[in-house]
Amino acid sequence: MRYLSTRGHPDRPHFCDILLEGLAPDGGLYMPESYPQIDDATLTRWRAVYHGKGYAELAFEILSLYIDDIPGEDLRALCCKTYTAEVFGTGEIVPLRHLEEGLWIEALSNGPTLAFKDMAMQLLGNLFEYELARRNAQLNILGATSGDTGSAAEYAMRGKKGVRVFMTSPHGRMSPFQQAQMFSLMDDNIYNIAIRGVFDDCQDMVKAVSNDLEFKRKYRIGTVNSINWARLLAQVVYYFAGYIQATENNQQKVSFAVPSGNFGNVCAGHVARMMGLPIDKLVVATNENDVLDEFFRTGVYRVRGSADTFETSSPSMDISKASNFERFVFDLLERDGSRVRSLFSDALSQAGQFDLSQDAVFARAQSRYGFVSGKSTHADRLATIRDTWQRHEVVIDTHTADALKVALDFRVAGTPMVVLETALPIKFAETIVEALGRSPDRPKKFDGIENLPRRVTVMDADVLAVKALIARECDGT
């Protein structure tokens, strides 16, 4: 298996090369040259694997289709090391929680930082450590987070040999719990950088540094954001696990509702569907920052500036430039790298938008690829959280509430709808208190986390300043 850039770069690297690289040299995102196809017999076998040997073995089966430059037994060992009851609190790893007839929530918040990002980041940490040891090399990870990526990355990488993490986040825009999770880490290889701006400013700086090929090579810069294919690939596994749990045979279809900001989570569902998983609809749920919903309704992809990016009660989705959306558009445009480059490198930088509404390919977003969308507001979140508690005695976080609200608009009798959970409600306690009049449960290990000492550097959205900080720490000056 080799990989190619969404923007047409001629190189065709192997998995372990793109694992450490992040963006392609032309600024594009890596994609597999083709999607491995699964047939009915394979899916039947994977049902038996999941029910008999568990999530780790299912992960190995799927990942091995995309990773052929790590020996099979080593890859299996990495999966088994990652997906354990000790790490995720349950042997099921991603159990389904039944709400009512045909409606489920897939629990993805059982990991160390109580968010779905742990599902991929824990594997990524082990993959990094493994490959860096093979190469006797080091890696400096530069990331951007709107809330959960940062803590998941830092908890996965803390203490890892050969790895430093420089994590940018929008100053003051994450929940108090999210900030405390990140900024209270005192590990020598973890550096928190709070940027005066919004998530998109952080993400833009990560891309700018990655596109400076000389700096990137000198300081061995890698990424953990979902622009890294390895992270998105790990997320594909829980779509298969959710499907297997929600169905009894391979003739059934399932729809998935996904809270979407940067499009990585739902893009993993797109990959699973392209492999042949019987997915009916992929429901893209946004909050008030509805760039993605606008595209799937109108065909216009219109990014917003910092001043027009709303601060909401589902802050991990306060994003107006969805990086992974480029991967889907690459497939939508029949993998025309030159056209993707024209849209994402030229049109967005010049006009801040592009319009596919009059292009015949736009209709395929729903008809061929199954995408539908909707958005949710703060009032919707409060109402959904209250209703879910009153009718099912289940407390959900704000992002999961966005997804559940939109999911209800697209339910079809006889087709299970699986809502992907984002995080435990404690990460967004203020809104839960507003909705229910009480605080959500808090795992004991996080008691008093908001009062711990913090280590964080606050700075403006200045690429040169971030580069200088990285250089200073790496050079020991």
Could you tell me the number of lysine pairs in the stretch 183-341 with C-alpha atoms less than 21 Å from each other, where the two lysines are 8 or more residues apart or belong to different chains? 4
Sort out the exposed loop GluC sites (Glu not before Pro) in the chain (DSSP loop, at most 14 other Cβ within 10 Å) and tell me the longest stretch that has none. 102-247
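What is the chain's relative contact order, in percent, from Cα pairs under 8 angstrom and six or more apart in sequence?
Relative contact order, the chain: 19 percent.
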From phi via Karplus (6.51, -1.76, 1.60), per-residue ³J(HN,Hα) for the stretch 90-98 in Hz, x at Gly/Pro: 7, x, 6, 6, 10, x, 8, 10, 7
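Rounded, prolate or oblate, given the Cα gyration tensor of the stretch 268-343, with a/c below 1.5 counting as rounded?
Oblate is the answer for the stretch 268-343, as a/c is 1.5 or above yet b/c matches or exceeds a/b.
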For residue 318, other-chain or 5+-apart residues with amide H closer than 5 Å (H placed, Pro excluded) are none
Any residue on another chain or 5+ positions along whose placed amide H is under 5 Å from the amide H of residue 99 is listed here as 104, 105
What is the calculated FRET efficiency for residue 213 to residue 364, with r their C-beta to C-beta distance and R₀ = 35 Å, to the nearest 0.05? 0.50
Return the lysines within reach of residue 445: Cα separation strictly under 26 angstrom, same-chain partners fewer than 8 residues apart disregarded; answer none if there are no such residues. 81, 117, 160, 161, 427
Would you pull out the residues with amide H under 5 Å of residue 163's amide H, same chain only if 5 or more places away, H placed 1.01 Å from N? 139
Modelled label reach - residue 196, point 7 Å along Cα→Cβ, the stretch 444-477 residues with backbone N closer than 20 Å: 455-470
From the Cα gyration tensor of the stretch 208-252, with a ≥ b ≥ c the square roots of its eigenvalues, which class applies: rounded if a/c is under 1.5, or else prolate if a/b is larger than b/c, or else oblate? prolate
Quick one, could you list the DSSP H helices from the chain stretching 24 Å or more along their long axis (Cα atoms) with average Kyte-Doolittle hydropathy of -1.0 or above? 118-135, 229-246
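Taking the Cα centre of the chain as origin, sum charge times position over the Cβ atoms of Lys and Arg (+1) and Asp and Glu (-1), and report the length of that vector in debye to the nearest 20.
For the chain, the charge dipole is close to 520 debye.
Read-outs throughout are calculated quantities, based only on the coordinates presented, and are distinct from any laboratory measurement. These numbers come from a predicted model, not from an experiment. We place every Cβ from the backbone using ideal geometry, glycine too, and count neighbours over all the protein chains shown.
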